[in-house]
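As structure tokens, the structure follows; a few thoughts come after it.
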Amino acid sequence: MVNSKLNVTLTALAFPRRDLSPALVGLVEYARREPLLAENINFVIHQFQYVDDVSVLADNLCREPGNLYAFSCYVWNFHECLQLAKLVKERLPQSVVLFGGPEATGLAGHLLEQYRFIDYVIKGEGEEPFKRFLMCMLDKSGLSNVPSLVYRNDSGEVLETVPAEQSDIGLLPSVCGSDYYVNYLNQATETVTVTFETSRGCPFRCRYCSWGGKQVRFHPLDRVFAGLRKVLNHPSVRRIYITDADIFLNKRRGKEILNFLLNNNPFKVPVIFEVNPEILDDETIELISKFGDDEFAFGLQSSSPAVLESINRRFNSQRYCENITKLKAVNPEVKIWFSLIVGLPGDSLATFKQSLAFAVRMMPHSLYIHEFLCLPGSEFFKEQAKYGFLCQTEAPHKLIYHRTFGQRDYFAAKELGFYVSLFHYYGFVKEPLFTLWEKTNTPEINLLHWYERFVEFLRQRIDLTGGKDVKEVPSFLFDEYYQKATGDKELTGRLKLLFDRFYVMLENELENDVLAFEGAAV
């Protein structure tokens, strides 16, 4: 029998302007379906920004002492989770600290060996393991009954239970219908980005990814539509990010979702999708072309055959380009994004530039530039020597050594990717350069080279990063820097004046058949 209620606190450290962690809401709602847990546990979900002062956050968490503190860990918030959990454990040594999430999953044994303040780690999907763990806390039954759990035995040895079976996705609770989630949106002081799951799993086996190669399971469409209807009509929602590996893994279903959004989005809330353009057909291209401020992210990663082979990706460049061309012909304003990763095995400064050049020639709305972070649980993390690199064991798992990409070249590629992506937010840079390049009708003139030269032209003339060196800025923060730069009217005005000067030089150069102007007076 339970004599008093347990206090269970779940904590997420999120990016600014995000919805309440769907992962934590799902865990709580799934657990509350068990009457014994609903009756005997007080659940509290806290969400803070990962940039907040952890000592202040610890004060907040410990104000009403809990029996269990659970943390949702990702590569970008992992160190902050560690700091916060350590402070909580120091102040409340009798409390239990539980880690979960993608970052904790891949490092589970390591975490328990290195950090005594972490008591348990749940690996992978957490709904059923978390529920069973809470049952153990109540009835004091053995931990061996909890699947996917990593823990220490009485002698300090790290043990792991059998993996959990996949839950029936149709039986999982609706996050958007949760009181926790709805109340969070109702109380939001600024609009937020919603992360929305219509399916789980990814059939692809990219070696840099820790969640691929898994069966794809689809949420029932009626529940998907009900959840979308809630967030599309909520005044606190600024945009929706669909987390599926590819919205068209099931084409029929993907088309139904897109048609629903076209007909049930009264406030035109932008929606972001992940899509592989190679699998598009004329019907899906026509459908995508009807979207306005919505964004379609195409995971290019690299156009290099050697790099693509190393990451276990197929790529048909002709079909890729043909479908992009068709899409832009139907709707030139469609918002297409390409994602590229800097530093994959087999990559180099030359191959990265080739991939970046391939992307900019297709005139995207913008680009996602990611530095290669070797995620725990991925094949690359497990086989680093085999693939010719070495990375940090702990987050953010940056490269220490790379067989084909020296450090200087790596940072040059990262910087170039940062600025080319930033310039795509400025129509007065992107559009004149592209138009001029088209007029030249000379393929040997590389459009990317003009971007490179503009970057060099700007050195010592303008600061677009607030004094930060791009090599020190994690790529998952690039978007914040883009927003700051584009939102600064004075800075934007100065950049336009500089670009106008650069463009005149470029025109004169082409007219006079001069291919370089190093040191020219301007």
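The values are calculated or read from the model by the stated rules, or taken from the named source; none is laboratory data. Everything quoted here is computed from the prediction, not taken from an experiment. Virtual Cβ from ideal backbone geometry, glycine too; neighbours counted across all protein chains shown. These area figures cover heavy atoms from the full protein model, side chains too; ligands, DNA and RNA do not enter into them. Shrake-Rupley method; radii C 1.70, N 1.55, O 1.52, S 1.80 Å.
For this structure, a couple of remarks:
- Those residues of region 455-496 which are within 29 Å of the chain's Cα centre (by Cα), among the aromatic types (Phe, Trp, Tyr) and within 24 Å of residue 431 (Cα to Cα), in sequence order: 478, 481, 482
- Subset of region 41-64 [at pLDDT below 95 and either under 16 Å from residue 98 (Cβ atoms) or aliphatic (A, V, I, L, M) (or both)]: 51
- Strands (runs of 3 or more DSSP E) wholly inside region 14-102 that include at least 1 residues being open to solvent by less than 10 Å² (accessible area, probe 1.4 Å) and not hydrophobic (A, V, I, L, M, F, W, C): 68-72
- Test for residue 355: is it in contact with a strand residue (DSSP E or B) (Cβ under 7 Å, 6 or more places away or on another chain), surrounded by 18 or more Cβ atoms within 10 Å (Cβ to Cβ), part of a helix (DSSP H, G or I) and modelled with pLDDT of 95 or more: yes
- Candidate set from region 190-205 (those that are in a loop (DSSP other than H, G, I, E, B), modelled with pLDDT of 95 or more and not acidic (Asp, Glu)); member that is farthest from residue 340 (Cα to Cα): 191
- Test: residue 70 is in contact with a helix residue (DSSP H, G or I) (Cβ under 6 Å, 6 or more places away or on another chain) and either at pLDDT below 95 or more than 22 Å from residue 475 (Cα to Cα) (or both): no
- Residues being in contact with a Gly (Cβ under 7 Å, 6 or more places away or on another chain), surrounded by fewer than 21 Cβ atoms within 10 Å (Cβ to Cβ) and not polar (S, T, N, Q) are represented in region 301-313 by at least one member.
- When region 103-118 is filtered for residues that are open to solvent by 60 Å² or more (accessible area, probe 1.4 Å) and in a loop (DSSP other than H, G, I, E, B), only 116 remains.
- Pairs where the first residue, in region 312-327, is within 12 Å of residue 281 (Cβ to Cβ) and the second is open to solvent by 80 Å² or more (accessible area, probe 1.4 Å), C-beta under 9 Å, 6+ apart: 326/282
- Single unsatisfied condition, residue 202 versus (1) within 17 Å of residue 256 (Cβ to Cβ); (2) open to solvent by less than 20 Å² (accessible area, probe 1.4 Å); (3) out of contact with any strand residue (DSSP E or B) (no Cβ under 8 Å at 6 or more places or on another chain): (1)
- Within region 482-498, tally of residues that are open to solvent by less than 70 Å² (accessible area, probe 1.4 Å) and acidic (Asp, Glu): 1
- Exactly one residue out of 124, 170, 156 is part of a helix (DSSP H, G or I) and of a type in the set (Gly, Ala, Ser), and it is 170.
- The condition of being touching a residue at least 24 places away in the same chain (Cβ under 8 Å) and either closer than 20 Å to residue 89 by Cβ or among the basic types (Lys, Arg) (or both) holds for only one of 36, 57, that being 57.
- Enumeration of residues in region 178-234 that are without any contact (Cβ under 8 Å) to a residue 12 or more places away in the chain and within 24 Å of residue 45 (Cβ to Cβ): 179, 183, 187, 189
- Considering 345, 364, the condition of being at pLDDT below 95, touching a strand residue (DSSP E or B) at 6+ places or on another chain (Cβ under 9 Å) and not aliphatic (A, V, I, L, M) is satisfied by 364 alone.
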